[in-house]
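To start, I am sharing the structure in question, which I have written as structure tokens.
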């Protein structure tokens, strides 16, 4: 029987190219203070796989024009795992550190970890098929189908069947603006030498760690209140805290650029209703000329830099036309080689994913009470700090392939980030 092929989109290929910097797998974990209905949720996951073929497609790199090959050679055990344990923390960390093999027949895996009283719902997926925004779309659809299943006994199978092409980012622009956007050839990627002070090669054995930190709502609310006085967004506040923590950790106080993730869906309106689960993430540079020992001065510099970025009507779109030329005019192996010459994976990066939509991930009328999300496991010196909020509480994470000493350094860095937010919050009083 002939197997179905799915086109490998340009940003799928870009994420594949990054395999030398990271493991390509994104992670999400939601904590519920009860035992979730994992049997019916598993039924809905099976239905999702039946309706969204990319979830069970294997990436085929033929060096000329890679593609996804849809496979039916998967079982329920490939996409869903239940772990019953008395040691929740260790099991959750172990699962979050696991990847998905490049030749896997499934690109999306769900694990429920329970101690018989509470539950963690953990999802790992291949970033090549979708980013955090795509995952948010999909998990909301999964929960909609789950709750309808509970109410009616029937899974409606309602999922987004839209296109995955990056070119949809231009679809809501006027013809004149779209034409101009498609000529933004200059890449904003910068090759930065600065990085967190990771150990050097040979100074210890590297392994995968999932590092996390938490800050309570009361303090973060005060920091946000202070931020409003400066016109600062949550991303601005966290960028300032990151930069301030970097100064405290390393002693460096000169010019610094932090790469901040942005969602290109910001350029879309009507087409948001029809796009499929895919990638629309890019990065913008937040640059400060110096790092002050006053957190509010650093915040002002961050706000100024990001406001300048936002004046650019094509923010995040720079370089996409150049990538298109490379991937559309050369065989894949050649394109990857050329793209790597100007592509840079950031050493210092922050992804502020916003608030968890608790109302959209409820089992009945009960939602999660805690959450952590993380990007791919990065190979040092590259690193990515991911931030989410849930019910107003701040959660920070980093996945790294590094030594135990490096893990301790990242834990110290997160404590310093928290300290910087707390310093900011004091000015609310």
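Percent antiparallel among DSSP beta bridges with both residues in the chain, to the nearest 5?
80 percent
Cut-off is 10 Å between beta-carbons; in what order do 352, 250 appear when sorted fewest neighbours first? Write down the numbers at each step before the final one.
Values: 352 19, 250 14.
Exposure proxy ranking, most exposed first: 250, 352.
Show me 14-22, 360-368, 71-79 ranked by packing, highest mean number of other Cβ atoms within 10 Å first.
With the highest mean Cβ count within 10 Å placed first, the list reads 14-22, 360-368, 71-79.
Regarding the chain, what is the average projected area of its C-alpha convex hull, in nm²?
Working: hull surface 86.9 nm².
Projected area, direction-averaged: 21.7 nm².
Give me 60, 303 ranked fewest to most by other Cβ atoms within 10 Å of their Cβ, as a rough exposure proxy.
Taking fewest neighbouring Cβ atoms as first place, the list is 60, 303.
With each run of n ≥ 4 DSSP H residues scored as -39500 (n - 2.57), what mean residue ellipticity at 222 nm is computed for the chain after dividing by its residue count and rounding to the nearest 500 deg cm²/dmol?
Counting only the DSSP helices, I get -11000 deg cm²/dmol.
Taking the alpha-carbon centroid of each part, what is the distance from region 146-165 to region 240-261 in angstrom?
What the calculation gives is 43 Å, centre to centre.
Based on alpha-carbon centroids, what's the gap between region 320-356 and region 75-142 in Å, whole number please?
26 Å
Which percent, to the nearest 5, of DSSP beta bridges fully inside region 186-428 are antiparallel?
70 percent
If I take every Cα pair under 8 Å that is 6 or more residues apart in region 328-429, average their sequence separation and divide by the length, what percent do I get for the relative contact order? Please report the intermediate quantities before stating the final value.
On the way: 111 pairs, mean separation 23.1, N = 102.
Relative contact order comes out at 23 percent.
Expressed as a whole number of Å, what is the distance separating the alpha-carbon centroids of region 1-31 and region 265-318?
24 Å
Still on this structure, please answer the following. Could you please rank 262, 25, 400, placing first whichever residue has the fewest other Cβ atoms within 10 Å of its Cβ?
In order of increasing Cβ crowding within 10 Å: 262, 25, 400.
Every number here is computed from the coordinates shown, using simple stated rules; none is lab data. All figures in this text were calculated on a predicted structure; none of them were measured in a lab. Methodologically, a virtual Cβ is constructed for each residue, glycine included, from the backbone with ideal geometry; neighbour enumeration extends over all protein chains shown.
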